[in-house]
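Down below is the structure, laid out as structure tokens.
The values are calculated or read from the model by the stated rules, or taken from the named source; none is laboratory data. No experiment lies behind these values; they were computed from the predicted model shown. Glycine gets a Cβ as well: all are built from the backbone with ideal geometry, and neighbour counts include every protein chain shown. For accessibility, only protein heavy atoms count, side chains too; no ligands or nucleic acids. Shrake-Rupley method; radii C 1.70, N 1.55, O 1.52, S 1.80 Å.
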Amino acid sequence: IQFDNLDTLPGVVDIGRGSPVGVAFYRHDVYPRRYRGAYFMGDWSRGRIRVLFPERYGATWGGELHDFVLGEPLNVTDLDIGPDGHLYFATGGRQTSGGLYRVTYDRTSYGFESPDGDPSVGLAVAQAMPRSAWGRTALENLRDRAAEAWQPGLRGVIGNADLPSEWRQSALELLWLDRPRPRLDMLAGLLADPDPGLWAAAVTLLSTFDLRTGLERLQPAFEDSDPLVRRRAAESLVRMGVTPFLSHALNTELHDLLAGLLDDPDRFVRYAAREALVLFDPDLWLHHVEATLDAPGHGTFEGILALVLRPDDEASWERALRALQRIRLETVRPEAMGDYLRTLELTLIRDPSRDGRADSLASLGEALLAIYPTGTVQLDRKLERLLAYFSPPGAIDALLDELEEAAAQERQIAIAYSLRAIGDGWRRGQHRRMVDWFDRAWQMRGAASMAGYIEVIFRDVLAQLPARRRARAEARRGAIEEERARRVAKLLDASNEEVAKATQGPGLTQMSFEELAEYLEYDVMAYERYDPTRGAVVFQQARCADCHVFGDLGRGGGPDLSTVVSRFRRSEILESIMYPSKVISDQYSAVDVETRGGDFHSGMIVGDDDDSLTLITANGERVELAASNIQSRRESQISLMPEGLLDAMSLSDLMSLIRFLEAGSNL
């Protein structure tokens, strides 16, 4: 069942959190055969290089994802494949030490057996990394060497069904880049070849011909059994330059074929067909969609969305809305319910009147409320946004009930996000239930933006409250912050004596950066004798948790330290602690603000609009300043991270802290 949005296409693979940098396809013959066509991806923040082994799934690709190179740190900044067939990668960034590395493989290259004919042509179709600068240079040399035998040799490879598909597609690409280019008849003839990969490549090249010239040859591809060929056919039609005016002069059968592809089993084919039909006059194909409104499926909503996406066409938008109003929810196929909700969202978003139509569509809101909640998170999130828009009677209670039942914090935040957008219809008891939820929300932990996100939702809810209730809600929030501060202070006070007992070695004020860095990097004792659980106490005592997140510790605002050892060496972490202002990331730079009353504030911006400026200070506190009261603001040259953190630490403290960071956020 499809739960993601039909107006976008999914990724080939979900790699999770990371910081993508260099990428490269491997088209060489030095690594084991499995790596031919593999896709390498550098991840700076997670300290790794990953590899995907693509496999075709219908009209797209997927595959297995594996870690290829791991390091602590491995702050990889770029990568590529060298002429010797090995992966090269660079490290560094943020003024950290960098380097250039090569991943070698010591097995003899398995190579390729050149096809019969001119050896230059054989080498060309098997050329490693043909789209790299050095690969293109090699191809130019082979082209010069082959001379008159070049094009006949390439045609021979293309026409030889016994050769690998990769070679034949390479030969077709090389022939296309040469002059004269292949004739239309030759490309059309490839559509009878048994290799669907070659078909798809030929169909893509047909898009370079004039619409009237190439359309007749393209048409059989819409009915091909291979979904990639069908997808490429629809995409090529768009590239040929179809317009609503020209669509009336085209073959009527083509409209039928495209409309049929709207309900194709492969969603990538459906997407491509819809993109093509957006360019056709709806009068030519809409009857196909209207015939499915009694039992709507994927194709129904692809067709309605094609109406919605037509630029500057209010008449088509009105037809889309009428079609949606005719649909009864109980008749929607289960696998297409997500499509229905997303199509409704996009239709409302693109309302050409720009003034909303929630009142005139009240019956839609009531029907949606009747099926909420479905128990499927992806559907319920869409329903919650739509219920906030329509605000039918009973929607607030239904959402509050679900908010109180939800266990996962991401579910709760999504529901609260929708609730805060309902401006009217609240009762006193409902407001109290909403404010009660924030008692839990302030305890939630996440990435650096979590606290700011909750704060924005809180402010939107406050705006709906009468003045007295708003003051009480803010007082409750302040009391929670004060209690948290008391708990932290108590924890730190209780640990002071224990930390003092654990202190070993010379004080850090007596050691230079060079001495500490050398000890951290090279002394074996720096790796074994210190306990990372002690580092957790130091992390709190040094007030790192005021601005940094480490797993479920901390409040965020500053950089997330959960994976810091994946991108920085020990000496670089030490440098950031000793000299915090030496390198300030533009993501975490602070501003200095002077008010009209002469007060000064310094912090990172977490909210900035016409009415106010919100900063997070070095203590993790939030300061909201009225925009009208700001005299000046400028970028700070000093990091919010305070100087002198090591002055109150022993060597044992520092090493325990480093070991804590290295142990990972799952400690």
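Observations
- Alpha-carbon gyration tensor eigenvalues x 5, square-rooted, for the stretch 1-100, Å: 26, 19, 10
- The angle between the Cα long axis of helix 409-419 and the main principal axis of the chain comes to about 80°, on a 0 to 90 degree scale.
- Solvent-free Debye scattering, log10 I(q)/I(0), computed from the Cα coordinates of the stretch 546-667 at q = 0.09, 0.10 Å⁻¹: -0.30, -0.37
- Shown here for the stretch 311-387: trypsin sites (Lys or Arg not before Pro) in loop regions (DSSP other than H, G, I, E, B) with at most 12 other Cβ atoms within 10 Å, namely ARG328, ARG354.
- Taking only protein heavy atoms and a 1.4 Å probe, the accessible area of the stretch 527-666 is 45% carbon and sulfur.
- To the nearest 10, the accessible area of HIS248 is 110 Å² with a 1.4 Å probe.
- Linear extension gain, ARG136 paired with ARG94, 0.36 nm per residue minus alpha-carbon span: 11.8 nm
- Relative contact order for the chain: 9 percent, from Cα pairs under 8 Å spaced at least 6 residues apart, divided by residue count.
- Its alpha carbons give the stretch 267-401 an Rg and a Dmax of 14.8, 47 Å.
- Tilt relative to the chain, helix 267-277 - C-alpha long axis, 0 to 90 degrees, to 10: 70
- The three principal axes of the Cα atoms in the stretch 366-475 give end-to-end lengths of 39, 32, 19 Å, sorted in falling order.
- Accessible surface of LEU329 - all protein chains present, 1.4 Å probe, nearest 10 Å²: 20
- Cubic angstrom per residue, convex hull over Cα atoms of the stretch 286-340: 63
- Column: log10 I(q)/I(0), Debye, Cα scatterers of the chain, q = 0.10, 0.11 Å⁻¹: -1.18, -1.25
- Per residue, the accessible area of the chain comes to 49 Å² when a 1.4 Å probe rolls over the protein heavy atoms.
- With every protein chain in place, the stretch 143-219: carbon and sulfur % of accessible area (1.4 Å): 52
- Portion, in percent, of the accessible area of the stretch 374-434 that falls on carbon or sulfur, probe 1.4 Å: 45
- Sequence-separation-based contact order of the stretch 282-384, relative, with Cα cut under 8 Å and 6+ spacing, percent: 26
- Over the stretch 159-291, the alpha carbon radius of gyration divided by the compact-protein estimate 2.2 N^0.38 Å works out to 1.07.
- Point-to-point label distance, ALA407-GLU594, nm (Cα→Cβ direction, 7 Å offset): 5.6
- Between 0 and 90 degrees, the angle of helix 377-390 with respect to the longest Cα principal axis of the chain falls at about 80 degrees.
- Dipole axis of the chain (+1 Lys, Arg; -1 Asp, Glu on Cβ), positive-most option in MET578, ALA124, PRO182: MET578
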